[in-house]
Amino acid sequence: MSHNDRQMNGQHRPNNILDQFELPPARKGKQRLARLRTAWRKSWEESGFLHQRWEEVGQARHASWHEVANWIKTAALFGGLSLIVLMLDAAGDITSAALKGLSNVPATSASDGSGLWGMVDHPVRVFLADQAAHLAVAPAALYAFWQLTGLLGLVGGFFGNAGARIAWVLFGIGSLAMIWSAAPAGGRAAATGLAALMWALASIFALRGLTLRPIVHNHPPQYQFSPALHLHATIPAPTPAGDDYGPDNVHPLQR
């Protein structure tokens, strides 16, 4: 028996580290869980990693963009870009489905000009169908684009979007021009006038809050000017006692 294999207190002494007894798996799991709990508590202490990150989040609410931590800026930019990508993807799908649904509507046969709305809608369909004969586009596509422009202008203008309001104004002017051109000669003026009234009523919602009065913002001045007059006078230095002022022994200022 070698020196490492000697009995100590009636027990076998291992001769290397491979001969040591391993801990049971349950005890290993408990030790790992205890280490994780200890690391979690230390990270939330005053100088811990998670505590510092939480303090940075709290300070970001009252700090400017340049004072915010870099990891918060990165997370905000990444989240904003992801949201923009999702919104653009959803908007593209919605627009494609809307255009596809509107394109399936016939350009001329869906309205025969009867009724108040047909008096406005039928001349537009006829005008677009006549113009599409000279263009490489289907009449249904032109009519679908006209409908989509009016819908976006109405909804966007209601929420105060300046571009949507401009599109709504152009949509109304173009619609009136098409109705005047394609309406029957005998009722052209009436159809155009009623269309203008309908457009004006719809503009109550599309141009909500729009005013022609100039908006004047009265802000207090940031700098206050306080005029003051400063006079700079030079006082001659006093002459020491006993000095001779001259033949008359009189100070030069008293002569």
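Which pairs turn up if I take residues in the range 63-80 that are in contact (Cβ under 8 Å) with a residue 12 or more places away in the chain and look for partners that are surrounded by 10 or more Cβ atoms within 10 Å (Cβ to Cβ) and not aliphatic (A, V, I, L, M) with beta carbon separation below 6 Å, at least 6 apart in sequence or on another chain?
Ala69/Glu56
Is it the case that Ala91 is under 30 Å from Gly150 (Cβ atoms), open to solvent by less than 80 Å² (accessible area, probe 1.4 Å) and assigned to a helix (DSSP H, G or I)?
Details: under 30 Å from Gly150 (Cβ atoms): yes; open to solvent by less than 80 Å² (accessible area, probe 1.4 Å): yes; assigned to a helix (DSSP H, G or I): yes.
Yes; evaluated as a whole, the condition is true for this residue.
Determine whether Val105 is at pLDDT below 75, under 39 Å from the mean Cα position of the chain (by Cα) and aliphatic (A, V, I, L, M).
On the way: at pLDDT below 75: yes; under 39 Å from the mean Cα position of the chain (by Cα): yes; aliphatic (A, V, I, L, M): yes.
When the stated conditions are applied, Val105 passes them.
The values are calculated or read from the model by the stated rules, or taken from the named source; none is laboratory data. Only a predicted model underlies this, so the values are computations on that prediction, with no experimental measurement involved. Backbone-built Cβ (ideal geometry, glycine too); neighbour counts: all protein chains shown. Calculation scope for accessible area: heavy atoms of the full protein, side chains included, ligands and nucleic acids excluded. Shrake-Rupley method; radii C 1.70, N 1.55, O 1.52, S 1.80 Å.
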